[in-house]
Amino acid sequence: MTGLRTRKLLCYGMMMLLCATGCLSADGEHDEHADHEIPAHKPEHFVEAIEQLSLRSQAVKSPQDNQELSDIVGWLPELAAQTDLPKSDWDRIHELTLQWQMLEEQPEKLAAAIQDHQTELDTLSQRALELDTSNSLGQKVD
Amino acid sequence: MIDAITWGAVLRVAQAASQAAPFILTGFIIAAVFRRWIGPANVRKLFGDGTWRSLPQAWALGMLLPVCSLGVIPVMREMKRAGLTGGTILAFGLTAPLFNPLSVLYGLTLSEPFTIFAFSLCSLVVVTVIGLLFDWVFPTSAQTPEQTQASPYGIKRLTSVLVSMGRDIWSYSTVYILIGLTGLIVLNVVLPKSSFQSYVNGGDPLAPLLMTAVAIPAYATPMLAMSQLGTMFQHGNSVGAAFALLILGAGLNFGIMVWMTVSYGWKRSAVWMTVLLAVVLGLGYGLEKPLYPTDIDAADHSHAFDVYCCPFEYSADNHWTQVQQKLADDIRPEEIIGLLCLAAIAIAGLVVLLIDRRFNLEAWLTTPPTQTAESKSSFDIVLPNWVLGGSAIGGLVAVSVVLCFAYYPSPEECLDEIFIIKGEVLSAARSGDTEHAMYWIPIWEDWNRRLQVGVYLRQLSLSDYHRMKARVVADQLELLEHALEHEQREMREQEEDDHHDHHHDVDPHEEVDYYATRLARAHQRMVRAYLQLNDTQSKPAVKSTDAAETEGS
């Protein structure tokens, strides 16, 4: 069973597999490179994200509005990391994001929670802008 | 097309052979130590043969030993000679290539720790279920243990391990290893360049199945598998596909399948494979929702699997030069050492085979030396074989832990390396040398990950803040890579057809410049964050002293 017959069967099987894959290989001339799709509502930078949160939290009219608002909340830590805000500020933003993500299914509560922290968000946004400007980086990249 | 496929296969096999060399060497060492120092009886004890612990014990030992799916083949053959059951051998053989201290550490910083923990537990479920089933359905899978005489203490005992390694490298172990590498040839033929980027997206019900088809013939070192696992989670790819890649891509190859068939027969092997695939796919689909990351933007493609595809465009030429260049660029020092050691063992093995023709080497190795009263000193302590064997195996584990600190240097050292790489990438990108930039980008990505692991290793934690800073750099690297690919495509199209005007919404080179600038800024922020790691209080951001590098290097 485990002797010569099995080894022969295996050899034939491997040869057939190699031949079959040769026949099955697709035409390689097509280039299937896919581009990154960035959602249209993704803010370009942290300052814009704060502005969008302020505007959108006051105008949640449909499930799509709520979804986009939730998306922006989710992007906040990533966008904040693209500024010079220190760790303590970033941790605060991350903490707020985690709290707000638990309210995703409750649009009114989410909007209210964002509005309650608007002053704090505006302060963080202003600080980010000042730090980036002072570090000669500029917040807005065109 | 034939040229591209042929040279692509040469490149993939050569790359895999060099990556596998240190692990194959380790596998031969472990097999020889099992045979000569630990002995069949103690090997059975080590794996809890005949007890309920055999499968989880095999899993646990597999988690510790640093071998890959090719290097585990000599060990499995030795375990069979020692008389272990098929279920135990296959449990070890499937687990050992998946995890080791280096790869687990790597994985803990890439994915959520809970994910790695869950995958480890699921691998235990996989090997336990199929091992129990195999041993229950085929209770006579264990062979009669080979009787081997132990070598006496002294130089013969040391030489016996080298002799075993030399003989093993010229045995069917190497044949199965070579068969294991043929899977890469199959993938190289079936998958044109970059053709597997969009087939494992999250939410795609076919993703685990397609990944299974690719993972079985694929070869991945434990580190590569863990790296790809992390990339899949960061891109929101299918969790089931990630699990299939880990278990089957890292754990299985054609060589193991052929060895199984020869050792246990095609019926038992078919049963084992069927159950394995059913359990892996079942768990994969089951884990899809619970482990799917919710805090990332799912990408619609990933470059992580380009390494399994043909590396060359079918229309390209100059393959041999590219193969040489790629091998010279990619080979690492530890791989060179591994290859040299294997070559030395192969030469030693040839010498052993020649000696065996004229002289009974085995009899010499097992004959105790003549001992006189003067030659025995009270300070001479004869260590039992099992102490030597245990020390050797334990030493391998300890060395792999220590190697973690070398492989994942301190943050300062990583940042120094990244500084050099950054210069290469940004200057090449801005000057239009896309090939050079694209060569260095994966190296930067690798050091970016090593930076995180280096911190985690030394501080036993990595804050979300630092993780996000590194992730931003990784994202910008990927965007720059795409911009460079876009520029390359445009240049190629322009070369092919100079008569047509090419209108672009965005000038490809402007796009490259844009992302190069963003990358430079992201890198600066990351450097500040990591250099402030030891600060107990956060300080205002430090003024940049080299702002010029963000505008052009």
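A short reminder: the numbers here are calculations on the coordinates, not readings from a lab. Note that the structure is a prediction, hence the values are computed from the model and not measured. Positions of Cβ are backbone-derived with ideal geometry, glycine not excepted, and every protein chain shown enters the neighbour counts.
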Item to check | Which of B:L184, B:V239, B:S164, positive extreme of dipole for the stretch B:133-269 (C-beta unit charges) | outcome: B:S164
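Let me know the mean shielding of B:183-195 by other chains, meaning the per-residue number of their Cβ atoms within 10 Å of its Cβ.
On the way: counts 1, 0, 2, 7, 1, 2, 7, 6, 4, 8, 6, 6, 6.
The shielding value for this peptide is 4.
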Next on the checklist: Is there a quick way to get the dipole size of the protein assembly as shown? I mean about its Cα centre, with the Cβ of Lys and Arg at +1 and of Asp and Glu at -1; what is the value in debye to the nearest 20?
Outcome noted: 5660
Item to check | chain B, dipole about Cα centre (Lys/Arg Cβ +1, Asp/Glu Cβ -1), debye to the nearest 20 | outcome: 3800
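Using a/c under 1.5 as the rounded threshold, could you call the stretch B:86-225 rounded, prolate or oblate? The axes a ≥ b ≥ c are square roots of the C-alpha gyration tensor eigenvalues, and prolate needs a/b larger than b/c, oblate otherwise.
Numbers: a/c = 1.85, a/b = 1.65, b/c = 1.12.
It comes out prolate by the Cα gyration axes.
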Item to check | Label-point separation in nm, B:W136 to B:A298, each point 7 Å along Cα→Cβ | outcome: 3.6
Checklist outcome for this item: Each label sits 7 Å from Cα toward the beta-carbon; between B:K289 and B:M491 the label points are separated, in nm, by 4.9
Checklist entry - Whole-Hz Karplus ³J(HN,Hα) for the stretch B:423-437, in order, using 6.51 cos²θ - 1.76 cosθ + 1.60 and θ = phi - 60°, x for Gly and Pro? => result x, 4, 5, 5, 5, 5, 5, 6, 8, x, 8, 5, 4, 5, 4
Checklist entry - Rounded to the nearest 500, what is chain B's calculated 222 nm mean residue ellipticity when only DSSP H runs of at least 4 contribute -39500 (n - 2.57) each, over all residues? => result -23000 deg cm²/dmol
Item to check | Members of A:K87/B:K289; A:K42/A:K87; A:K42/B:K193; B:K193/B:K326 lying beyond 25 Å, as alpha-carbon distances in this model show | outcome: A:K87/B:K289; A:K42/B:K193
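In peptide B:479-492, what is the residue-averaged number of other protein chain Cβ atoms found within 10 Å of each Cβ?
Values: counts 2, 0, 0, 4, 2, 0, 3, 2, 0, 0, 2, 0, 0, 1.
Other-chain Cβ atoms within 10 Å of each residue's Cβ, averaged: 1.
Of the peptides B:62-73, B:213-224, A:45-56, how do they stack up when ordered by the mean number of other Cβ atoms within 10 Å, highest first?
Per-residue mean Cβ counts within 10 Å order the peptides as B:62-73, B:213-224, A:45-56.
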Checklist outcome for this item: Per-residue average of other protein chain Cβ atoms inside 10 Å, peptide B:464-476 -> 4
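Of A:K61/A:K109; B:K45/B:K80; B:K80/B:K156; B:K422/B:K469, which ones are farther than 22 Å apart at the Cα?
On the way: A:K61/A:K109 14 Å; B:K45/B:K80 14 Å; B:K80/B:K156 25 Å; B:K422/B:K469 16 Å.
Cα-Cα > 22 Å for B:K80/B:K156; rest within.
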Checklist entry - What residues qualify as long-range amide H neighbours of B:N201, i.e. H under 5 Å apart, gap of 5 or more or another chain, H built at 1.01 Å from N? => result B:S238
Checklist entry - What ranking do B:459-465, B:84-90, B:197-203 get when scored by the average of other Cβ atoms within 10 Å per residue, highest first? => result B:84-90, B:197-203, B:459-465
Next on the checklist: I'd like the distance between the alpha-carbon centres of the stretch B:252-306 and the stretch B:508-534, rounded to an integer number of Å.
Outcome noted: 38
Next on the checklist: Ignoring trypsin sites (Lys or Arg not before Pro) that are buried or in helix or strand per DSSP, and keeping those with at most 15 other beta carbon atoms within 10 Å, what is the longest stretch of chain B between them?
Outcome noted: B:54-375
